[in-house]
Amino acid sequence: MTYCVGLKLKAGLVLLSDTRTNAGVDNIARFRKMFVFEEPGDRVVALMAAGNLGITQGVVTHLTQAVKQSRIDPEIESLMTCDTLYRGAQMVGEAMREVQKRDRAEIEAQGSAADATIIMAGQRRGGELRLFLIYTAGNFIEAGEDTPYMQIGEHKYGKPILDRVIRPDTTIEEAVKAALVSMDSTVRSNLSVGMPLDLCVIPANEFKAKSQRIESDHKEFRQISDSWAASLRTAFNALPAVKIE
């Protein structure tokens, strides 16, 4: 399994993903699930993937090849040349449908699930910040002010903090903390989500991604994790007792 979360703020986009794909006593694997494409000063697009690894890698490979070809021939449509990021989300959906059509039957015949989901986020010059969630069928939805975040994978453990904290006017710094708390809650509660983490921040109108790999010994992440746990214990102990008669 996996956990990826994307936050859309007025100040920018905050994206966070784990790197665990398989989990068990003696079967743990790591694969990058975040992929960033950028033309500094013009546009930046980031993808995060969850679900069947073969499907998601096929989709990302298809999109990556199109980006490489479009840098040689600008007439070729890709995430770096499409007119809008809405069209970019359509292209991700089209790639999803193509890979599903090719591979789904064989994957399911082997007893595995072929479902996959992708979060796409970014901004192009002249356009707004966009955050999309693309489903297995290739259809998608877009984040708005009512729900300014998207989650894929093992999302239930990390949702409460986002519901309580994230608003469109939340600062990037506060959003990064909320995303890390959301991930820490998930890592603590589910073996199928694990370190290291990939963090990407896309400030509004800068058209450049700021990316960082967070290992298990990352100082600030450990401080956030420990402080959050201590604060929860303190808050729990301060709750009023319920009289049982």
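State which residue pairs qualify: first residue modelled with pLDDT of 95 or more and inside segment 214-234, second residue basic (Lys, Arg) in any location, beta carbons under 7 Å apart, and separation of 6 or more residues or different chains. Within 7 Å, the pairs are ILE224/LYS177. Under the condition of being at pLDDT 95 or above and part of a loop (DSSP other than H, G, I, E, B), the residues counted in segment 115-147 number 12.
Per-residue answers, yes or no, for (1) farther than 22 Å from ALA116 by Cβ; (2) modelled with pLDDT under 95; (3) surrounded by 15 or more Cβ atoms within 10 Å (Cβ to Cβ); (4) touching a Ser or Thr at 6+ places or on another chain (Cβ under 8 Å):
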position: VAL44; (1), (2), (3), (4): yes, no, yes, no
position: THR56; (1), (2), (3), (4): no, no, yes, no
position: VAL59; (1), (2), (3), (4): no, no, yes, no
position: ALA66; (1), (2), (3), (4): no, no, yes, yes
position: ILE72; (1), (2), (3), (4): yes, no, no, no
position: CYS82; (1), (2), (3), (4): no, no, yes, no
position: ARG87; (1), (2), (3), (4): no, no, no, no
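Scanning segment 157-212 for residues that are of a type in the set (A, V, I, L, M), closer than 14 Å to VAL14 by Cβ and part of a helix (DSSP H, G or I) returns ILE161, LEU162, VAL165, ILE172, ALA175, VAL176, ALA178, ALA179, LEU180, VAL181, MET183.
Table: residues versus (1) buried (at least 17 other Cβ atoms within 10 Å of the Cβ); (2) under 19 Å from SER17 (Cα atoms); (3) in contact with a helix residue (DSSP H, G or I) (Cβ under 9 Å, 6 or more places away or on another chain).
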| residue | (1), (2), (3) |
| --- | --- |
| TYR135 | no, yes, yes |
| ILE141 | no, no, no |
| GLN151 | yes, yes, yes |
| TYR157 | yes, yes, yes |
| THR170 | yes, no, yes |
| ALA175 | yes, yes, yes |
| SER185 | yes, yes, yes |
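Looking at segment 198-212, is at least one residue surrounded by 12 or more Cβ atoms within 10 Å (Cβ to Cβ), in contact with a Pro (Cβ under 6 Å, 6 or more places away or on another chain), under 18 Å from ILE172 (Cα atoms) and touching a residue at least 12 places away in the same chain (Cβ under 8 Å)? Taking every residue of segment 198-212 in turn, at least one turns out to be surrounded by 12 or more Cβ atoms within 10 Å (Cβ to Cβ), in contact with a Pro (Cβ under 6 Å, 6 or more places away or on another chain), under 18 Å from ILE172 (Cα atoms) and touching a residue at least 12 places away in the same chain (Cβ under 8 Å). Test LYS10 against the stated conditions and say whether it is surrounded by fewer than 20 Cβ atoms within 10 Å (Cβ to Cβ), in contact (Cβ under 8 Å) with a residue 24 or more places away in the chain and out of contact with any His (no Cβ under 7 Å at 6 or more places or on another chain). Criteria met by LYS10.
The values are calculated or read from the model by the stated rules, or taken from the named source; none is laboratory data. This structure is a prediction, so every number in the text was calculated from the model and none was measured. Positions of Cβ are backbone-derived with ideal geometry, glycine not excepted, and every protein chain shown enters the neighbour counts.
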